[in-house]
Structure formats: structure tokens, C-alpha cells
Amino acid sequence: MAGRHMPSRPRQTGTGLARRAASLALAGTLSACTLLGGNANSNGVTGNQYAAASLDGLPDNLAARANAVLQTYKTPPASLLEARRRADNAAGTVEEFLAAEGYLAASAIPRRIDSATSTPRIDVIPGKRFRIASVSVDYDGEVDDKTRAELDKAQKGLLIGGPAHTSSIERMDKVLLNHLKDAGYAFAESADIDVLASRQDATVEVTYKLTPGPRVKLGELVLPDETNVRPRAVRVMRSWEPGDYYTPEKIRTLRTRLRSSSLYDGIGIEIAETPDTDGTYPVELKLAEAKPRSIGIGASLSTTEGAGVDAFWERRNLTGRGDTLRVDGAVANLSRDLTASYELPNIGRYGRTLNLETGVRQQETDAYDLSGLKTGATLSQPFNKNFTISAGAFVDVTRTVEYELTRSGPSDPIDQVTFSTPLSGTYDTVKDRLDPQDGNRLFLTLEPSISSGTINAVYTRYLTNATTYHSFTDDLIAAARVEAGGFLGDTDVPADRLFFAGGGGTVRGYAYQSLSPTNIDGDYVGGEALFDASFELRWRKSKRWGYAAFVDTGAASTDFGAVFGDLRTAAGLGVRYYPGFGPIRLDIATPINPREGDDPVQVYISIGQAF
């Protein structure tokens, strides 16, 4: 609790209480308890810790906490003088602690100390516990009637007749100040907390003195003179219309938008102290631009998919509109791809983003070999900070060789051109992508498609994915994921559009694609229905190391009626190393209900959590 001077003036009936009422100013007492640490026992020594004193006369419900606030020492006092000094300090600490608990007239008096080798004792006289008699607010300035009524309602949170806890008194000061700021009083300040105490009645009267200042209507953004970003590209991130009343949330939203643009390393936001002629207050931005280029590299390794390396190069603010050009490449045992993308944000309004991409890829799986070229565009629009919808159009040209057709001899490749218009919606409250702690994420996509060439088909592919994260403590996280997908329309779709299960992305512990439908020769052919789910318990043991236990289940099949009968489950343990940018994970999984030929153990190494 931040320290605050809370002057007190004793009533005529209790003039001697001024000193104790003034001790309410020691609002940092409870916070300081954590810093002081330590525990006292009957002989004053705990392991290698030496208590400054032991306490007599405390109420039973406060004894443990009062002892906990006493400072402990690694060595015994070197002299009688030091022992007395420690005892005096301990007595002052106890009085401050009791004042914070409402015992404003408490006293703590050290007994006479004749030897530095014995633990001093302190006699505590707590006295009466003071209670709150009244709460009022004095305003040094004008406050509109609606806000005043809200503040009158809010101050009732400090219960009349309740204990005079300093933490509660100071917390109410912050509550009242926050109400003022939320109502538009951007420069509101708390001038003081006035506490009048009565020894005779054992009560206090609390008066909050607030200086609201002007009610601020936000105006235009004032940008730095020298910037490489076009002014329009910055102003579109403004989170209010000129003339809207100030709220802290509007400023926080602006700061979040500026930070998420990745254009700036430093962000300062200041509201002018005087209004413009139209009555609005300009908002000045102080921005330090980030370096425009980034590169990155990653790697993965598993006993099912083999090894892989991926990298990217990114150029931000390419044309001064906050736009980004990015090139991604990946090389792995089963696939290779190279994709170039261009992102233009905030088209017409904040959040509306155009993404153009084109890429080539090769895949070599147990079901098929594929070479392809894909190009398209996506337009996305957030409706709020959590919910986004997007629509796109893509052309995908592929050449595929399916293994089920080659067992009896050479097979002609399957050439396809697929036109698709994916529609998707995302609800996301997860903040940390690489290491989620709390929140939920729901993703649903519908992809109407027309494939022509060797195979002609009209169909809609759909896929939904839901994940949730819950932190029981700062170190213990539970994570769960469910995914399902299927098709509507024609069933004779290209092999690379079908669903496959097994491996690091679905069910760890089983070989890549091994939980997919097969033909009579045992070749994987892909399924028209998919279901998989995972549960993981993550424990962060230290700053650098963590552990995980998980269970995965899933399968791909010909339809949803069959997929749940084909489910296979695996369990495993994992190790997480946290270098500072996200965890590097090592997972070891084993099938719970293995089939003949399934390996007993699979190993996965990658960057980021599994989901």
C-alpha cells in the first residue's frame, strides 16, 4: 500500500489520541510486512534467524501475524545497546501493525534488558479496536451531479461500524479517485485523507479531500514533427471521437494499439493541460520508432515428423502506412514451403486489415506427395478487442500423387485447381501466444470450394477449434483443447484437403497421420471427419524450467459416426525451458491403447507450448 499522509485532529474528548490516529499515515505497514518477513518463536531463534523480541498480550487472532512482521536477524545482537535498539524497533513495528488493524491506542513497551544473550520481551496493550463512525468527501472544485451520485454510492463500500483498517481507508481513496477519472476528470487528485479519532468512543471519522480538476473532452492527436509513419496511419488508431470524455481505458486502448502495430519501441501519451478553442484537450504522442526490419529462426524435431527449420524476414512500414512485407520459409523432412505476404492494416477504420499472400510448397507424406502454388487475399475486421471475422479468396494449383493409386504400378499425377472463399470467426482472450496463462480461444472456419481438373468437386470444408487456459496459481496452469472438422457436399475431394490425425499437431504418442483412414492395402487415404482433444497440466518450477503432463486423444475417419469409435489416446510428460521469449518444449508420449505396430514412445522438440 502506497504511503500517504493522513493527518488527524483529535476530538475534545480524546486529545491524547492524536499520536495514535496519526499513525494511520503509516499505510505502508501491511506491505512492509512482506519485506520484513521472519517468524518469532518462544526462544527467539528459528534456525539461523534471531528474532528482535517476543510479544506478550496480543489478541489470539493477531498473534501469528504480529510475530510475522517482526524483523529477524542472521546474527545475535553484538551488544546490550544493539539488543535494546532491536527491541525498540520491534515495539514501533508492532504499534504500527496494530494501528493498521484498527487498534489506534495500542502500546508496545519493551521490558528492561539486562543481557544481550536473551531475547527481549515486549508487553503489548492493544486497547480498543477503533471503528468507522462516518465517511464523507470534500471536493475542491465542481463535480457533475451524476458523478457525485456515483461517488456517494461508492463511499458506502467503507462500512460504517466496520474496523478502521488503514488498508480499507486508503483503498477507498483510490476507488473514489478512479471513479472521478472514469467520469472524465483526467487530472483528478487526492489532496488528503483527514482522520478524526475519538478515544472515548473508539471511533474515527474519515474525510476524503479530492481535487477533481476540469472534466476533459479529448481532442485530436498531436504527432511528432519527424516520423516515418504517415499521420493518417497513426490517427486511425485513436480510440475516441473528438469531444468524447476522457477515460483511462481510452488512453490504455490507444497505447495498446500503438504497441501492437510493432512500429514503436517507446510510447508516451500526454493530455494537454489547457483546452483548444473548441473546448477539447489535444493528446500529444511522444513516439520512438522501432527498427523496421526483423529476422527470426526456429526449429523442431520429433520421432514422427522428423526435423525441421523455419525462418522469416520482415520489413515493417514499407510505404509509410504501417504496412508489412514478410517472407516465411520452412524446410523439414516431410515438407518445404516458401511464402511471401503483404499486410495493410487499418483500411478506413482501425483493425480492418488486408492480407495478400502467395507461396509454393512441397509435401511428402505417407498418404501422398504434393507440389503446389497458392495465392489469395484475406480481409479481416475486429468487432471488439476479442472477436474478429475474416473473409478471403484463394486459388490453389496442385499436383498430387496418391500412394493408394501407385501400389499396383505407375500412376498419373492428379492435377487440380481449387477456388476457395474461406470465412472465419475468432474469439480470443489469450494474451501470450507462445506461453498462454489464462483466457479462451474459439476459432471457426467455413471454406466453400470448387476443385476442377482430374477430380471435379463442389464442397465446403469446416473446422472448429476451442482452447481454454486457467491458472490455479502463478506456477500451475491447466490447458484444454478440442478440435473437430468435416465436409459438406461432394466427398470426392483432393487428398490434401482431407483430414489426417496422429503426430505432434493432434495426438502425440502416435506416428504422423497414423490415426487416419486406410485402404485395404494399409495406405493412409485421409478422412472426411476429424476429432481430437488434449488436456495438459503445466507447472512452472522456476524462472527457467517447467514441466507438463498431458493426455491427447483423437482420430480422423470417414464420418463422425465412425470417428469416435476410432479414437486413440496417448499420455506423456514434458519439460519446458524458458530462455526469455517463450518455452522450448520437450515432450515424450506413449500410446495408452496401442495397436500392433505402434511404437511405444514418441519424442517431440519445438518452440512454444503444444497449444
Original post:
Which of the residues spanning region 436-471 are under 19 Å from ALA484 (Cβ atoms) and among the hydrophobic types (A, V, I, L, M, F, W, C)?
Top reply: LEU442, PHE443, LEU444, LEU446, LEU463, ALA466
Subject >> Residue identified as exposed (fewer than 14 other Cβ atoms within 10 Å of the Cβ) and touching a residue at least 24 places away in the same chain (Cβ under 8 Å) among ILE160, ILE169 >> reply: ILE160
**OP:** Among the numbered conditions (1) open to solvent by less than 40 Å² (accessible area, probe 1.4 Å); (2) touching a strand residue (DSSP E or B) at 6+ places or on another chain (Cβ under 9 Å), tell me where PRO242 comes up short.
**Re:** (1)
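Let's see how each residue does on (1) buried (at least 16 other Cβ atoms within 10 Å of the Cβ); (2) not in a loop (DSSP other than H, G, I, E, B):
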site: ASP396; (1), (2): yes, yes
site: LYS431; (1), (2): no, no
site: VAL458; (1), (2): no, yes
site: ARG461; (1), (2): yes, yes
site: THR473; (1), (2): no, no
site: GLY486; (1), (2): yes, yes
Original post:
Is there any pair linking a residue in region 131-153 that is among the hydroxyl-bearing types (Ser, Thr, Tyr) to one that is open to solvent by 70 Å² or more (accessible area, probe 1.4 Å), with Cβ under 8 Å and at least six apart or on different chains, and which?
Top reply: SER134/ILE160; TYR139/ARG148
Subject >> Residue among ARG259, ARG315 that is under 30 Å from SER606 (Cβ atoms), free of Cβ contacts under 8 Å to residues at least 12 places away in the same chain, of a type outside the set (A, V, I, L, M) and in contact with a strand residue (DSSP E or B) (Cβ under 9 Å, 6 or more places away or on another chain) >> reply: ARG259
Original post:
Looking at VAL601, VAL563, which one is at pLDDT below 95, of a type in the set (Val, Ile, Thr) and either open to solvent by less than 40 Å² (accessible area, probe 1.4 Å) or not assigned by the TED database to the domain that holds TRP539 (or both)?
Top reply: VAL563
Original post:
Got a sec? Which of THR274, THR304 is of a type in the set (Val, Ile, Thr), in the same structural domain as PRO579 (by the TED database), at pLDDT below 95 and in a loop (DSSP other than H, G, I, E, B)?
Top reply: THR304
**OP:** Return a yes/no flag: does region 349-358 have any residue that is within 30 Å of TYR524 (Cα to Cα) and touching a residue at least 12 places away in the same chain (Cβ under 8 Å).
**Re:** yes
Subject >> Pair list, Cβ < 8 Å and 6+ apart or interchain, from region 73-97 residues that are more than 20 Å from ASP56 (Cβ to Cβ) and open to solvent by less than 10 Å² (accessible area, probe 1.4 Å) to residues that are among the β-branched types (Val, Ile, Thr) and part of a helix (DSSP H, G or I) >> reply: none
**OP:** Output the residues belonging to region 198-231 that are farther than 30 Å from TYR350 by Cβ and β-branched (Val, Ile, Thr).
**Re:** THR203, VAL204, VAL206, THR207, THR211
**OP:** Could you grab me the full set of residues in region 277-293 that are assigned to a strand (DSSP E or B) and either among the hydrophobic types (A, V, I, L, M, F, W, C) or without any contact (Cβ under 8 Å) to a residue 12 or more places away in the chain (or both)?
**Re:** VAL283, LEU285, LEU287, ALA288
**OP:** Return a yes/no flag: does region 130-142 have any residue that is modelled with pLDDT under 90 and open to solvent by less than 50 Å² (accessible area, probe 1.4 Å).
**Re:** no
Original post:
So which residues in region 514-532 are open to solvent by less than 20 Å² (accessible area, probe 1.4 Å) and within 34 Å of the chain's Cα centre (by Cα), if there are any at all?
Top reply: ALA529, LEU530, ASP532
Subject >> Those residues of region 519-567 which are part of a strand (DSSP E or B) and among the aliphatic types (A, V, I, L, M), in sequence order >> reply: ALA529, LEU530, ALA533, LEU537, ALA548, ALA549, VAL551, ALA555, ALA556
Original post:
In region 208-228, how many residues are open to solvent by 20 Å² or more (accessible area, probe 1.4 Å) and assigned to a strand (DSSP E or B)?
Top reply: 5
Original post:
Filter region 408-426 for residues that are in a strand (DSSP E or B) and surrounded by 15 or more Cβ atoms within 10 Å (Cβ to Cβ); which is modelled with the lowest pLDDT?
Top reply: ILE414
Original post:
Is there a residue in region 305-326 that is farther than 25 Å from ARG349 by Cβ and open to solvent by less than 30 Å² (accessible area, probe 1.4 Å)?
Top reply: yes
**OP:** Sort through ASP225, ASP265, ASP244 and tell me the only one that's within 30 Å of ARG585 (Cα to Cα) and among the acidic types (Asp, Glu).
**Re:** ASP265
Subject >> Scope region 307-354; condition charged (D, E, K, R), assigned to a strand (DSSP E or B) and over 30 Å from TYR510 (Cβ atoms); matching residues >> reply: GLU314, ARG315, ARG316, ARG326, GLU343
**OP:** Take region 358-394 and flag every residue that is open to solvent by 70 Å² or more (accessible area, probe 1.4 Å) and under 21 Å from ARG326 (Cα atoms).
**Re:** VAL360, GLN362, LEU373, LEU379
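The values are calculated or read from the model by the stated rules, or taken from the named source; none is laboratory data. Owing to the predicted nature of the structure, the values given are computational and were not obtained by experimental measurement. In this analysis, Cβ positions are derived from the backbone assuming ideal geometry, glycine residues included, and neighbour counts consider all displayed protein chains. These area figures cover heavy atoms from the full protein model, side chains too; ligands, DNA and RNA do not enter into them. Shrake-Rupley method; radii C 1.70, N 1.55, O 1.52, S 1.80 Å.
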